[in-house]
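Peer 1: Below is one structure. I have some questions about it.
The values are calculated or read from the model by the stated rules, or taken from the named source; none is laboratory data. Since this is a predicted model, take the numbers as computed values, not measurements. Note: ideal-geometry Cβ built from the backbone for every residue, glycine included; neighbour counts use all protein chains shown.
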Amino acid sequence: MALIKCTECGHKVSDRAIECPECGCPVSEILLDIKENEMFDELENKKTEIYSELNRKFINEINGRSIENLEFLLTLKGQYSIKQIEFIRKTLENKKLMKCTPNVSEKFKKAISEYPLSDLKFMRDTQQALYSEEEMQYICKVINNRQTQEEQQGGYGFQYAISFLIPLVGFILGAIMLSKNDERERSGGKSCIVLSITSIILCTIFMCAKVGFI
């Protein structure tokens, strides 16, 4: 004997009972529904496996097509999903680029420099067969350089925050000292404020130069 979940009300019932004590649904129908659900889940899993396999075949097939054929495929938008059309379009662009630049020429480098990082990763991960070894090495090098640059810019932001915080504390202390009656403390407060403002300005100029804003 095992407890099963009623497909009508969700109540737990014995598989040997006649009907669900909560809603009266016959146990025979509950067992049939459970079996149908299991068969449906199994079918969906198989569909997912087949779809994944078709995706791999689709990528290999599109990479092997000619420029003229890819241009023709773009006219058949109703036969492909949005993602497939986008893949065809990017493959076509990359094949045209490769045709114009069979080697790692200056034209190729210029074109690659204008691609966003996401497109470069797309080329690296799905279209290695379209490029020579030298071209793929250059693409990977550009990706690494851009990622390093982004990481450095993030580090500069943290450094700037710390460098800005310290003069800010000095500015606050200077303002407090400036409010005192003692002339010596007031003089020291003025010096702290001047030094803090100067530090903030210099820090801003330095960080902008680092990031390339100036």
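Peer 1: When you scan the stretch 139-169, how many residues do you find that are at pLDDT 70 or above, surrounded by 16 or more Cβ atoms within 10 Å (Cβ to Cβ) and over 22 Å from the mean Cα position of the chain (by Cα)?
Peer 2: 1
Okay, residues lined up against (1) of a type in the set (S, T, N, Q); (2) assigned to a helix (DSSP H, G or I); (3) at pLDDT below 75:
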| site | (1), (2), (3) |
| --- | --- |
| ILE176 | no, yes, no |
| ASN181 | yes, no, no |
| GLU185 | no, yes, no |
| LYS190 | no, yes, no |
| SER196 | yes, yes, no |
| SER199 | yes, yes, no |
| THR204 | yes, yes, yes |
| ALA209 | no, yes, yes |
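Peer 1: Assess whether LEU70 counts as being assigned by TED's automatic domain parsing to the domain that holds ALA111, at pLDDT 80 or above, within 25 Å of ALA111 (Cβ to Cβ) and aliphatic (A, V, I, L, M).
Peer 2: Yes, satisfied.
Peer 1: Just the residues that are touching a strand residue (DSSP E or B) at 6+ places or on another chain (Cβ under 7 Å), closer than 17 Å to GLU38 by Cα and surrounded by 15 or more Cβ atoms within 10 Å (Cβ to Cβ), please, taken from the stretch 1-25.
Peer 2: ILE4, CYS6
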